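In what follows, a structure is listed as structure tokens, so that the remarks can point back to it.
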Amino acid sequence: MTLPFIMVLAMGFLFACGIYLMLERSLTRVLLGFILLGNGVNLLIILTAGSGTPPLTDGENLSTASMSDPLPQALILTAIVITFAVTAFLLAMIYRSWRLVRADSLQDDTADLQVAITKMIDSEAEASTDYDDTEFGDEAESPITGAIDLDDDGKPHEREPETDSTGSDGNGTVTGRAGTTSATTNDHGSNGTETEEKK
């Protein structure tokens, strides 16, 4: 195996381990994963630069054709400084988390989860009002908000008043899906009028 191939394998190993550790909930593992990922990026920059000779001359041959490109090396120096700064920030976060809760692992915030679920439900409800997604319209068991009245008989809450367990609303009115029967009783106990409407 040649040296570039070994460096490619090492770069792949650093990327794999770094991404795996950064997906963990422990901040310490996230820090280690970030450091490994930064070193993998540095190896990637070195490999893309290619090989070359040092930028030194003997005073006679001033050709720069075989010299190595200094830009990747400058990028690596910049990446090292950025990695150091982010590492210091993550160390401060780990220290603060340990001082406050004696743990460096991230926990789910129930309040944030509730807000996210509420926003998702609201967005789905707003999207569902733009079209009728049920063939029964307002007659569905759980109609959507703003469902279309397909049979022009009014909304269910307008057509059927609330009833008790006997099917009567307390005023002598018995309701049902087929129609409405109304019976009125006077003071002598005799039946008044009885009407029945069938759809």
Discussion item. Give the separation of the Cα centroids, the stretch 1-29 to the stretch 80-105, in Å.
Written reply: 21 Å
Worksheet entry | Per-pair calculated FRET efficiency, R0 = 30 Å: Arg96 and Ile19 via Cβ, rounded to 0.05 | 0.75
Worksheet entry | the stretch 24-130: trypsin sites (Lys or Arg not before Pro) in DSSP loop, at most 15 other beta carbons within 10 Å | Arg25, Arg102
Worksheet entry | Label-point separation, Asp108 to Leu77 (7 Å along Cα→Cβ), nm | 4.8 nm
Worksheet item: Short version: ³J(HN,Hα) in whole Hz for each residue of the stretch 68-75, in order, from phi by Karplus 6.51 cos²θ - 1.76 cosθ + 1.60 (θ = phi - 60°), x for Gly and Pro, what are they?
Response: 6, 6, x, 5, x, 5, 5, 5
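Only the coordinates and a few stated rules stand behind these numbers; no lab work does. All values reported here derive from a predicted model rather than from experimental measurement. No Cβ is skipped: glycine too gets one built from the backbone with ideal geometry, and neighbour counts run over all protein chains shown.
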